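Participant: Handing you a structure now.
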């Protein structure tokens, strides 16, 4: 393919990935990585390395708005990063070793399975805007893991407090491993921990997950970049396109229902995951 | 979607909420970092296309120049020579560094608020990130 056309297509596809990623809070890597492998014939480790770039651009573009609006809980996010960062470092290291061992096909199949596995998590998100506060665990109490935000829809300040910190740390470590291995945000797992284990309101969970995704991706990207698995000529147009898509997505988000967004995301990921698995099996 | 009306929790905001300045600074860090990274990357992509007219995507996919520019000396000499690969690598480094600077600014504000436990956590996250990038990555290359 002509290089100029290749770059243009990368920017356009990345706009789509950033758009979907910002609307779902999942980072966009789940769409971008399979497309890089299937459409752009990129090797799987370079696609994963580029996936981190997608997440970094989405997270910085949309995360800054959530921080400005005090929706991201900096205290809770930074506390949980103590689990996601080592997880991501471990995951990225495993990916590099699997690549060195010529097991990229296995990685491709695992990526497809993991992407399919995120779908029930995306669909099963709790439908309660503000949870009933329960008792606070000792760690959450000691670190003051509580806060408040102004809800524009409810037109009032909503206080909240985190419940159980230890189970959330365990889920976050797993989310870090998945993110580091496959270059995806693993936002579905992060939101699960924030909503279910920590009992946080839906908006705070989504915004804090977005806030954390960037740091988790920085850990994975750092390893993949240092190991030479990020191609700058591929990654640069992807970063530009993703940031543009995320910018437009975050502007459109208030006008769309969560359900609509998921109905767009799910079929796209199913098709791409199946394609990736078939490639890994040498069928496609 | 249902909305559950709730009583106000007995323990509301943390005893030492982060100052508004912390949120403003972190917003600025994320926006500035992304803006600078995208400006450098955009410049690099245009320059690359101008330098490689008629090139094919397979040439790009089979030649990854990044390892040349990952050391300080390699990046410095590449930028001094006007290498487009070095410019693109610099843009990616700024993109990766943006959330790391955000963690460092969190550490600063937790220290300012004399929150030893949270400052310790932020410091540990920062050390882990730098360890991964500076030690693990080059070690397993």
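Values in this text are rule-based calculations from the coordinates and carry no lab data. Being a predicted model, the structure only gives us computed values, none of them experimental. Here Cβ is always computed from backbone atoms with ideal geometry, including for glycine, and neighbour counts include all displayed protein chains.
Participant: When N counts the residues of segment A:162-284, how does its alpha-carbon radius of gyration compare numerically with 2.2 N^0.38 Å, as a ratio?
Facilitator: So segment A:162-284 has a normalised radius of gyration of 1.20.
Participant: Just to be sure I understand: if I project the alpha-carbon convex hull of the protein assembly as shown onto a plane and average over all orientations, what area do I get in nm²?
Facilitator: Taking a quarter of the hull surface, the average projection is 18.8 nm².
Participant: Turning to a different aspect of this structure: Of A:183, A:77, A:18, which is the most mobile in a GNM of chain A whose springs link Cα atoms less than 10 angstrom apart?
Facilitator: Looking only at A:183, A:77, A:18, the largest GNM fluctuation is found for A:77.
Participant: Distance between Cα centroids, segment A:67-93 to segment A:170-239: provide it in whole Å.
Facilitator: First find each Cα centre; the distance between them is then 8 Å.
Participant: Follow-up question, since we're still on this one. Run the helix sum for chain A: -39,500 (n - 2.57) per DSSP H stretch of 4+ residues, divided by residue count, reported at 222 nm to the nearest 500 deg cm²/dmol.
Facilitator: Result for chain A: -24000 deg cm²/dmol, rounded to the nearest 500.
Participant: Given points 7 Å out from each Cα along the Cα-Cβ axis, report the residue B:73 to residue A:2 separation in nanometres with one decimal.
Facilitator: 4.2
Participant: Given a Förster distance of 30 Å, report the FRET efficiency between residue B:47 and residue A:101 from their Cβ-Cβ distance, rounded to the nearest 0.05.
Facilitator: In this case the efficiency is close to 0.20.
Participant: Mind checking B:105-118 for the average number of partner chain beta-carbons within 10 Å of each residue's beta-carbon?
Facilitator: Mean partner shielding for this stretch: 2.
Participant: Work the Kirkwood hydrodynamic radius out for chain B: mean of 1/r over every pair of different alpha-carbon atoms, inverted, in Å.
Facilitator: Mean inverse Cα-Cα distance, inverted, gives 18.6 Å.
Participant: Here's a follow-up. With chain A treated as a Gaussian network of Cα nodes joined by springs under 10 Å, which of A:214, A:144, A:185 yields the largest mean-square fluctuation?
Facilitator: Ranking A:214, A:144, A:185 by mean-square fluctuation puts A:144 first.
Participant: Which residue, A:81, A:148, A:195, tops the fluctuation ranking in a GNM of chain A built on C-alpha contacts under 10 Å?
Facilitator: Looking only at A:81, A:148, A:195, the biggest GNM fluctuation is shown by A:148.
Participant: Give the order of A:155, A:190 when sorted by the count of other beta carbons within 10 angstrom, beginning with the fewest.
Facilitator: A:155, A:190
Participant: D for segment A:84-234, whole µm²/s, Stokes-Einstein with Kirkwood Rh over alpha-carbon pairs at 20 °C and 1.002 mPa s: what number?
Facilitator: Once the numbers are plugged in, D ends up at 129 µm²/s.
Participant: So if I restrict to the alpha-carbon atoms in segment A:1-96, what is the Rg, and what is Dmax, the biggest pairwise distance, in Å?
Facilitator: Cα only, segment A:1-96: 15.2, 48 Å (Rg, Dmax).
Participant: Note down the nm distance, to one decimal, between modelled labels 7 Å out along Cα→Cβ at residue A:12 and at residue A:274.
Facilitator: 2.5
Participant: Based only on the alpha carbon positions, what is the Kirkwood hydrodynamic radius of segment B:14-60, in angstrom?
Facilitator: So the Kirkwood estimate lands at 13.9 Å.
Participant: What is the order of A:93, A:242, A:54, fewest Cβ neighbours within 10 Å to most?
Facilitator: With the fewest neighbours first, A:93, A:242, A:54 line up as A:93, A:54, A:242.
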